[in-house]
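A.B. asks: Can you read through this structure? Questions will come right after.
The values are calculated or read from the model by the stated rules, or taken from the named source; none is laboratory data. What you see is a predicted model, and the numbers here were worked out from it, not measured in a lab. Here the Cβ positions follow ideal geometry from the backbone for every residue, glycine too, while neighbour counts run over all protein chains shown.
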Amino acid sequence: MNNLEFALEMKNKRLASGLSQGELASLTHVSRYSINRFENGKANASKETQNIILRCLNYYICDKPFYLLVNYLSVHFPTADALEIIRKVLGMKADYFIHYDYVYYGYKEHYAYGEIKVMASDDEHMGVFLELKGAGSRNMEYVLQAQNRDWYSFLNRCLDCGGVIRRFDLAINDMCGLLDIPTLSEKYKNGGADCRCKNYENVQGGKLSGKTAI
């Protein structure tokens, strides 16, 4: 955006946030003098400074600017009794689940409640495998809410029953642009993060020759 557009957006968002120019200056570490000049179109802010100011303002005008969602969870239990896991860990009646004879990941059978999957085998070494993909995680949230439980208590229950968490993915919902994804991606490529994973996926969006690319 050009500087006039930035000045208008900055002023409107600052007024909507209820912040004074002095408070905004303190939060962004930009001088109050500069904040005043930017807002009145008397000075040009760099792209970086624009991003810092707008991220701060977006945070204050959003009802829920930033939150996490469980996006994938898989847990292995050292038992062959899938029904026990359904009762003791999920806190549900086995009658609620549909039984299937076909397999996932080499297991003999599985039980499903919506997208909540519980896989079982006669081989105790394979144990019972609980898998919650994206939709399954949302199904589990509804179950936990009905049981007056949360993810923290559920994960503790998994561990208490001997479960080993194989994979646990969190999705960050950044409603106000607080995270600078290109900068974070660049830092990761440059070795600025510790990770045990050998592979990662970076999904980017943009435009090529006027056509949207995902």
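A.B. asks: Sort through A120, A94 and tell me the only one that's of a type outside the set (D, E) and either in contact (Cβ under 8 Å) with a residue 40 or more places away in the chain or in contact with a strand residue (DSSP E or B) (Cβ under 7 Å, 6 or more places away or on another chain) (or both).
C.D. replies: Details: A94 fails: either in contact (Cβ under 8 Å) with a residue 40 or more places away in the chain or in contact with a strand residue (DSSP E or B) (Cβ under 7 Å, 6 or more places away or on another chain) (or both).
After applying the criteria, what remains is A120.
A.B. asks: Hey, another quick one. G127: more than 30 Å from M175 (Cα to Cα) and touching a Pro at 6+ places or on another chain (Cβ under 9 Å), yes or no?
C.D. replies: The answer is yes for G127.
A.B. asks: Given N156, N139, N148, which one is assigned to a loop (DSSP other than H, G, I, E, B) and either without any contact (Cβ under 8 Å) to a residue 24 or more places away in the chain or within 18 Å of the chain's Cα centre (by Cα) (or both)? Write out each step before concluding.
C.D. replies: On the way: N156 fails: assigned to a loop (DSSP other than H, G, I, E, B); N139 fails: assigned to a loop (DSSP other than H, G, I, E, B).
Sole residue among the options that is assigned to a loop (DSSP other than H, G, I, E, B) and either without any contact (Cβ under 8 Å) to a residue 24 or more places away in the chain or within 18 Å of the chain's Cα centre (by Cα) (or both): N148.
A.B. asks: Something else: Might you check whether a residue that is under 30 Å from Y60 (Cα atoms) and not hydroxyl-bearing (S, T, Y) occurs anywhere in the stretch 131-138?
C.D. replies: Yes, the stretch 131-138 contains a residue that is under 30 Å from Y60 (Cα atoms) and not hydroxyl-bearing (S, T, Y).
A.B. asks: Quick check on my filter: what residues within the stretch 135-167 are surrounded by 13 or more Cβ atoms within 10 Å (Cβ to Cβ), under 16 Å from I116 (Cα atoms) and among the hydrophobic types (A, V, I, L, M, F, W, C)?
C.D. replies: Residues satisfying the conditions are M140, V143, L144, W151, F154, L155, C158, I165.
A.B. asks: Have a look at M92, M1 and point out the one that is within 22 Å of G136 (Cβ to Cβ) and either loosely packed, with under 15 Cβ neighbours inside 10 Å or in the same structural domain as W151 (by TED's automatic domain parsing) (or both).
C.D. replies: The unique qualifying residue is M92.
A.B. asks: Then there's this: Hydrophobic (A, V, I, L, M, F, W, C) and either closer than 21 Å to L159 by Cα or without any contact (Cβ under 8 Å) to a residue 60 or more places away in the chain (or both), is that true of L54?
C.D. replies: No; evaluated as a whole, the condition is false for this residue.
A.B. asks: Considering only residues that are loosely packed, with under 10 Cβ neighbours inside 10 Å and polar (S, T, N, Q), look in the stretch 175-199 and name the one that is modelled with the lowest pLDDT.
C.D. replies: N199
A.B. asks: Which of the residues belonging to the stretch 8-40 are exposed (fewer than 14 other Cβ atoms within 10 Å of the Cβ) and either touching a Phe, Trp or Tyr at 6+ places or on another chain (Cβ under 7 Å) or in a loop (DSSP other than H, G, I, E, B) (or both)?
C.D. replies: Selection gives G18, S20, H29, S31, N40.
A.B. asks: Within the stretch 74-88, does at least one residue satisfy the condition of being surrounded by 16 or more Cβ atoms within 10 Å (Cβ to Cβ), among the small types (G, A, S), out of contact with any strand residue (DSSP E or B) (no Cβ under 8 Å at 6 or more places or on another chain) and in contact (Cβ under 8 Å) with a residue 40 or more places away in the chain?
C.D. replies: Scanning the stretch 74-88, I find no residue that is surrounded by 16 or more Cβ atoms within 10 Å (Cβ to Cβ), among the small types (G, A, S), out of contact with any strand residue (DSSP E or B) (no Cβ under 8 Å at 6 or more places or on another chain) and in contact (Cβ under 8 Å) with a residue 40 or more places away in the chain, so the answer is no.
A.B. asks: Looking only at the stretch 108-139, count how many residues are of a type outside the set (G, A, S) and within 14 Å of I98 (Cβ to Cβ). Spell out the reasoning first.
C.D. replies: Taking the stretch 108-139 and keeping what is of a type outside the set (G, A, S), we get 108-111, 113, 115-119, 122-126, 128-133, 138-139.
Checking which are within 14 Å of I98 (Cβ to Cβ) leaves us with 109-111, 113, 115-119, 139.
So the count comes out to 10.
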